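Worksheet: one structure, shown below.
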Amino acid sequence: ESETQKQLLLEENKTMNTKIQEQAPKVLFADTVASSSTNLTITEYAKSVYTTTNMGRNTLFKFLRDKKIFTKANLPYQSYINKGYFVVNESIHNNIIRVSTSITPLGQQKLLEFIVKNK
């Protein structure tokens with residue numbers, strides 16, 4: 001019986017090591033994002049997480065609208081700005097106000113976690 005338990009533990013250990021190796025790139029990416037101090041545009045963010053999420057920019061915007069994170073105008077709801085996930089920037093070009101959204105390092109990490117859980 002002891003030998004059987006030993007074999008089961010060895011198999012479980014082998015399975016866990018395989019999982020760790022498979023997830024290593026994702027962990028490295030998450031660590032890199034967490035330690036970053038750079039805000040990204042939504043387009044840049046979509047490109048950077050594409051291999052993990054399989055979502056391009058337009059699909060990401062639709063996902064964010066569907067999950068009530070972004071409004072129909074592709075702007076984050078105030079509660080997500082207050083949490084420090086997004087920053088909305090306004091600029092004036094030729095007397096036209098332009099609004100752009102960037103995602104903070106905290107938002108990058110939290111959003112990636114949310115996408116993986118809710119995709």
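Determine, yes or no, whether SER2 is in contact with a helix residue (DSSP H, G or I) (Cβ under 9 Å, 6 or more places away or on another chain) and loosely packed, with under 10 Cβ neighbours inside 10 Å. So SER2 does not fit the description; no. Answer yes or no as to whether PHE61 is touching a Ser or Thr at 6+ places or on another chain (Cβ under 6 Å) and under 21 Å from LYS119 (Cα atoms). Taking the combined requirement at face value, the residue does not satisfy it.
In this structure, is ILE81 surrounded by 10 or more Cβ atoms within 10 Å (Cβ to Cβ) and in contact with a Leu (Cβ under 6 Å, 6 or more places away or on another chain)? Here the answer is no, as ILE81 does not meet what is asked. Restricting the search to region 100-119, which residues are more than 21 Å from ASP66 (Cβ to Cβ) and either of a type in the set (A, V, I, L, M) or touching a Cys at 6+ places or on another chain (Cβ under 8 Å) (or both)? Result: LEU106, single match. One residue stands out among those in region 76-98 that are out of contact with any Ser or Thr (no Cβ under 6 Å at 6 or more places or on another chain) and among the aliphatic types (A, V, I, L, M): the one that is nearest to LEU112 (Cα to Cα), which is ILE81. In region 74-112, the residue that is farthest from GLN23 (Cα to Cα) out of those that are without any contact (Cβ under 8 Å) to a residue 12 or more places away in the chain and assigned to a helix (DSSP H, G or I) is GLN78. Within region 48-78, restricting attention to residues that are at pLDDT 95 or above and β-branched (Val, Ile, Thr), the residue that is surrounded by the most Cβ atoms within 10 Å (Cβ to Cβ) is ILE69.
The values are calculated or read from the model by the stated rules, or taken from the named source; none is laboratory data. Please read these numbers as outputs of a predicted model, since none were measured by experiment. Using ideal geometry, Cβ is built from the backbone for each residue, glycine included, and neighbour counts are taken over all protein chains shown.
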